[in-house]
Amino acid sequence: NFWSSSPPADIKPTINNVTYSGNPIFPGWYADPDPRIFEGQYWIYPSLSLDYDKQTSFDAFSSPDLVNWTRHARILDFANVTWSTNRAAWAPTVTEKHGVYYMYFSAGDGAGIGVAVSRTGPAGPFIDALDEPLIPDVEMGAEPIDPDVFIDDDGRAYLLWGGWSHGLGAELSWDMISLKAQPVELTPPNYVEAPYMIKRNGTYYYMYSVGGWGDNSYGVEYVTSTTSPLGPFTTAATHILFPDAKIAQGTGSSGVLNIPGTDDWYIVYHRRPLDDTAANDRYVCIDKMEFNPDGSIKRINITNE
Ligand code: FUB
């Protein structure tokens, strides 16, 4: 059974090998989804939402249609990441350059952010590239967790990260396993953790989680920049993802998918069942994300569909 305890009534029955639709989009306690498109398939890279000591690897999920999902187990195993403390495998994020896949991930609740490489495709296996963290330290007050990798239209790659209410960013070098320049502090209003960047019509949207971890204040806000992925950003933030007293609480840690060739966008996020207080009872959902004519993002309508 994927579930570490009985799924609550608002969650549909689980199917282990895995054809599944509706929210949650696949069975199991998972959090911090990082949605991507590789090799003509949709991919989601989440954290296993278990006790920290049981978070020793990452799974990935792939789908041709956002409905039927295939689980790829243990695509990075912390047993092979020497500095990871073999716990608290959080918030992977993946990109591709010249056919090589790069995963950035947090380890050990503060041991650092690492980078792992796969030359065999988006399902890995990913191998720790450095044998030490890429981001080892708390800098400018930011715990080294929750990386997000963003590739701009000009091919330049950026890493955003940061917990403890401080958000940082830096450009990555051409080799993708080192930083090109010193990190800069970005910390927008109300920032807590879990950054994710998208670009639409020349505007950078820096999205992040706000509020109390997993409670009814947890949500997603964003600021924008028309200059660069590292800002400067608008000084006012917009709140777009909220819990819904009839559907779920703890809505956050989002990423975004744009259906290729369209202006159709989906937010991928985790949430907690209503009336569930277990910290790690979180599951992954997708809902529609729409823009207003002025480019602002509409409030998200969370659903069970
Ligand atoms: O899932 C582990 C941690 O919880 C993440 O790193 C945070 O963003 C929060 O979701």
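Read the figures in this text as sums done on the coordinates, not as results from a lab. What you see is a predicted model, and the numbers here were worked out from it, not measured in a lab. We place every Cβ from the backbone using ideal geometry, glycine too, and count neighbours over all the protein chains shown.
Could you list Ile300, Ile177 in order of exposure, starting from the residue whose Cβ has the fewest other Cβ atoms within 10 Å?
Ordered by Cβ neighbours within 10 Å, fewest first: Ile177, Ile300.
For the chain, the relative contact order is 14 percent, taking Cα pairs closer than 8 Å that sit 6 or more residues apart in sequence and dividing their mean separation by the residue count. Segment Asp137..Ser217, full-extension length gain: 26.0 nm, with 0.36 nm per residue of separation and the alpha-carbon distance subtracted. Here the relative contact order of the stretch 169-305, from alpha carbon pairs under 8 Å that lie six or more residues apart, stands at 16 percent. Rounded to 0.05, the FRET efficiency of the Asp263 and Thr235 pair, given R0 = 22 Å and the Cβ-Cβ distance, is 0.20.
Exposure proxy for Trp213, Trp161: other Cβ atoms within 10 Å of each Cβ, ordered fewest to most, give Trp213, Trp161.
A simple spin-label model places the labels of Thr82 and Gln41 3.2 nm from each other, with each point 7 Å out along Cα-to-Cβ.
Taking a Cβ cut-off of under 11 Å around Thr238, the surrounding Lys, Arg, Asp and Glu residues balance to a net charge of +1, with basic ones at +1 and acidic ones at -1. Legend: translational diffusion of the chain by Stokes-Einstein, Rh = Kirkwood radius over C-alpha pairs, 25 °C, 0.890 mPa s; D = 129 µm²/s. An oblate overall shape is assigned to the stretch 53-162, the ratio a/c of its alpha-carbon gyration tensor axes (a ≥ b ≥ c) being 1.5 or greater and a/b not exceeding b/c.
For the stretch 194-274, trypsin sites (Lys or Arg not before Pro) meeting the loop criterion (DSSP other than H, G, I, E, B) and having at most 15 other Cβ atoms within 10 Å: Lys246.
Roughly how big is the chain's charge dipole about its Cα centre, with Cβ charges of +1 (Lys, Arg) and -1 (Asp, Glu), in debye to the nearest 20?
500
In terms of its alpha-carbon gyration tensor, the stretch 30-98 comes out prolate; a/c meets the 1.5 threshold, and the first ratio a/b outweighs b/c. Per-residue Cβ neighbour counts within 10 Å put His239, His72, His98, His270 in the sequence His98, His239, His72, His270, beginning with the fewest. The tail of the calculated P(r) for the stretch 210-305 beyond 18 Å holds 49 percent of all Cα-Cα pairs.
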